[in-house]
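Bear in mind these aren't lab numbers, they're just calculated from the coordinates by the rules spelled out. Worth saying up front: this structure is predicted, and the values here are computed from it rather than measured. In this analysis, Cβ positions are derived from the backbone assuming ideal geometry, glycine residues included, and neighbour counts consider all displayed protein chains.
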Amino acid sequence: MTDTPGWASPGTAPSNEGREPGTSGPAEPADRPGDTAPAPQPDPHAQGPGVKWSKEQPPPGQWSAPTGAPSPQQAPPPPPPGPGWTGQPHGQAGHGGGYAGPQGGYGGPPPGYGGPPPGYGGYGAPGGAWGGGWGGPPPAAKPGVIPLRPLAVGEILDGAVSTMRTHWRTVLGISLAVALLLDTSTVLLQGLVLNDTAVQSTLKDPGASPDEAFRALRETMIGTGIVSVIRAVAVIIATALLTTITSRAVLGKSVSAGEAWRESRPQIPRLFGLLILLALIFAGIAVGGALPGFLVLLAGNDAGGAALLVLGFLAAAVVVVWLGIRFYLAAPALMLERQGVAKSMRRSAKLVRGSWWRTFGIVLLTLLLTGMVSAVITIPFTAFAAAVSGDGMNNLLGTGSGHTSWATLIIQGIGALIGTTLTLPISAGVTVLLYIDQRIRREALDLELARAAGIQGTAGPGAVPGN
C-alpha cells in the first residue's frame, strides 16, 4: 500500500502485492493445497524445434487476459466515475479523484479524470458540494473610519462623515474657526463696500461718468480681493489641518488641533504655492480662451466677437475642469508625502490617470451634497432675516433698491456660518480619502496602513475588492 490514501501511480497493474520482479503474471501462493500445475503440452502450431511452452503456467481457470474479466479472488473494479463525480463512498479520494478500496489495491484514474483539481473539496468534503465550503475572502481590517481596501463611493462619503462624527471636537473646532473668519469677512464686505448706496447706484446707473464707474468698480474689486485673500488663507489652513486629522482617523488615532498644526505647519507655505500656481494656470487658460473674442470685438465685429467669446469661454471651462480633476489630489499628496509643488502635481496626475471620470463623479457628487446641505441650512435663515428685518424678499433676491440692513446680513451670516462649519470637513475628508483610495488601488497602500496601525496578519492587496 502507498503512503497517500487512495493514490496509485498511473499505469501500474492491479494488485501488485507479492509479485516477484521479472514475472509476467500475478503471483500465486506456493503452498496452496490441492493445486497442481498441469504438465506442459507440445505446441501443435510451433514453427520450429526451439519453440516450447514455459515451464511455469498459471493454474487452470485462474488466469485471464489483461482486458478480460477479473478473477473470482478479486473484487471487480468500480465503474468509471461520471462527469463531475468526486465522491469517495467506500474509500478515500486520491489526488486525482480515484478510488481506493479497503486494501488500496485498485489504483484510480490519472489525476484530473472525472473530478476537480487537487485541493478542491468535492461531494462529501467538509465544505459540502464543490465550492460549498468557500465563504469568501476574509474581511478587510478596519482600524479607523474606513476598511483598508479599495473603497466604494459610499464608503468614501461615510468615511468623511465618520471622521467628523468621531473626532468632532477637533474637526468642528477647526471648521468653526475657519467659517467664522470667512463669513465675518463676507458680512463686512457686503455691509461696508457692496452695500454702499453710492456704489450701488453708480454701478446700476447707465448714465454714470467713466470716472464714477471706475471709482465704484475699484472699491468693489479691492473689497472683493481682500475677502478672497482671507478666504484663501482660511481654506488653505483648514485643508492642511483636516488632511492631517483625516489621515490619522484612517489609522484609528486621534490628534488634537495643536498636534495637527505642528505636523502641518512645515508644508503650509508649499500648499500656498500650489494653490497660487493652480489659480494662475486656470486664469491663464480663461484669458487665452477669451482673447480671440476680445480681439474680434475690438476690430468692430460685434456679432462674431460675441460668438467667439462664448466659444472661447466654453473651451477654457472644459480645459479648466479637466486640469482641476487631474490635479485634484495634489494637495493631499503634498501634505501627506511631504512633496514639493511640482512633484505633488505629478503625483496627482499619476494617481488620477485612468480614473478621471470616477474622480470627476465623486467630486461632483460631493459638491452637490454639500451644496444641498448648505442650502437646507441657509434658506430658513434667509427667510427669517427677510421677515424680521423689514427688507423684504425683493432686496434679498436683488430686485429691490439694493440696500440691505445689518440685521439681515448678520442673520444670513449665521446661517452661512453653520453651513460652512458642517460642509467644510466633508469636502476636505472626501479629498483625503479619495487620495488614499487611489493609492490603495495602485500602490497597495493598505498594507502600509495596516502595519502603521499595528495590525498583524492582514490579507494581501485586493483581498476584498472594492467598487
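What does the convex hull of the Cα atoms come to per residue for the stretch 153-452, in Å³? It would help to have the intermediate numbers written out before the result.
On the way: hull volume 46.6 nm³, N = 300.
Normalising the Cα hull of the stretch 153-452 by residue number yields 155 Å³.
Calculate, in nm to one decimal, what VAL161 and ARG231 gain on full extension: separation in residues at 0.36 nm each, minus their alpha carbon distance.
Once the chain is fully extended between VAL161 and ARG231, it gains 22.9 nm.
Pull out a ≥ b ≥ c, the square roots of the eigenvalues of the alpha-carbon gyration tensor of the stretch 340-387, then state rounded if a/c is under 1.5, prolate if not and a/b is larger than b/c, and oblate in the remaining case. Please list the in-between numbers first.
Values: a/c = 8.08, a/b = 2.73, b/c = 2.97.
Verdict is oblate for the stretch 340-387.
For the stretch 222-369, what Kirkwood radius comes out of the mean inverse Cα-Cα distance, in Å?
Numbers: mean 1/r = 0.0570 Å⁻¹.
It is 17.6 Å.
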Between TRP168 and TRP406, what length comes free when the chain is fully extended (0.36 nm per residue of separation minus the Cα-Cα distance, one decimal in nm)?
-> 82.5 nm
Burial ordering of THR166, THR421, THR370, fewest other beta-carbon atoms within 10 Å first = THR166, THR370, THR421
Could you list the residues of the stretch 282-297 with an amide nitrogen less than 17 Å from a label point located 7 Å from the Cα of VAL319 in the Cα-to-C-beta direction?
-> 282-296
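Sort TYR328, TYR435 so the one with the fewest other Cβ atoms within 10 Å of its own Cβ comes first.
On the way: TYR328 21, TYR435 28.
Ordered by Cβ neighbours within 10 Å, fewest first: TYR328, TYR435.
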Sort all Cα-Cα distances of the stretch 280-360 into consecutive 5 angstrom bins from zero, then give the percent of pairs in each bin up to the one containing the longest distance.
-> 3, 16, 18, 15, 14, 10, 8, 7, 6, 2, 0
